[in-house]
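Heads up: the structure comes next, in structure tokens.
The values are calculated or read from the model by the stated rules, or taken from the named source; none is laboratory data. Just so you know, these numbers come straight off a predicted model, no measurement behind them. Cβ coordinates were reconstructed from backbone atoms using ideal geometry, including for glycine residues, and neighbour counts include every protein chain displayed. These accessible areas exclude ligands, DNA and RNA; they are computed on the full protein's heavy atoms, side chains included. Shrake-Rupley method; radii C 1.70, N 1.55, O 1.52, S 1.80 Å.
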Amino acid sequence: MAETESESGLKIVDAFDLDSELRALLRPGELVEGIRGQHHHLPRYFYEIPSHEAAREIRVTPHFGLNEFLLVDLKEAARVRAFPRYIPCAIRIAAFYLERLREAAGAPVHLAVNGGYRSPAHKLSVAATPHMWGTAADVYKIGIAVLRDRASIETYNRVIEDLTDDLYVMPYGHEIGMADDHVHVDLGYVTVIPREISEDRLEGPQDKPRFAFEERRRGDRRGWPREPLPEVLPAAAHAGSAKSESQK
């Protein structure tokens, strides 16, 4: 188990309390403009990932680890690539939907380099993009299908559109706002304020940095019974059915 994934869970930090170089690169809470002229506030609350080993070991869903959202090349600022690294707390939501895509496709989903989180300092971050919120993913391969042609991209775009209305996909094409060598999927500009951390209006470093440890919420980690649920659910369904019959 990774050191940060202790019984207290992942460490959450207020980016205003990070060092001055990181604050300048992450620009927490800053209003930025998108390619269509809309404006959005950048994320303020981040998970702190202490090491490469931790990034590999910590999983946000059964099939996605944090490291998959941190794959970047030299287009990302050197300080952002250095551990400890920081990723917006909304990454859990993106991972949840990618897990649903994996189920719908019936095959592993592979993120491209620079296809997960990108900081505002990333050279591809020319305008507000959900990648800067940790709520976008560029998928280059699903199963054995490499997504580099119209047929494969449009096929999986339709799979995603049929899966949920929550996700946006870029149409196939070669212009800005289109994709021709991957499937781009995003949730828009989602920010998350974890329940464990206190939100305030102090937008600057504090003498006592603001942080918290995310509570691990799974039932088996709380000491709940580990009996298989299928033995319980049919009885509950039968009870509900009997109640409905009695009310007729």
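Calculate the FRET efficiency for ARG148 and HIS41 from the Cβ-Cβ distance with a Förster distance of 35 Å, rounded to the nearest 0.05.
About 0.50, to the nearest 0.05.
Once phi is turned into θ = phi - 60°, what whole-Hz ³J(HN,Hα) does the Karplus curve with 6.51, -1.76 and 1.60 give for every residue of segment 18-23, x standing for Gly and Pro?
6, 5, 4, 5, 5, 4
At 1.4 Å probe size, with no ligands or nucleic acids counted, give the accessible surface of LYS141 in Å², nearest ten.
For LYS141, solvent-accessible area is about 60 Å².
If DNA, RNA and ligands are ignored and the probe is 1.4 Å, what is the ranking of PHE213, PHE64, PHE16 by accessible area, most exposed first? Kindly include the intermediate steps, with their values, before the conclusion.
Working: PHE213 95, PHE64 0, PHE16 20 Å².
So the residues, ranked largest to smallest area, are PHE213, PHE16, PHE64.
From the protein chains alone at 1.4 Å, what is the descending order of accessible area for HIS52, HIS184, HIS174, largest first?
HIS174, HIS52, HIS184
Below 8 Å, C-alpha to C-alpha, sequence gap of six or more: please give me the relative contact order for segment 1-156 in percent.
Taking the mean separation of contacting Cα pairs over the length of segment 1-156, I get 22 percent.
For a quick check of understanding: with a 1.4 angstrom probe and all protein chains in place, what accessible area in square angstrom does MET132 have, to the nearest ten?
Solvent-accessible area, nearest 10 Å²: 10 Å².
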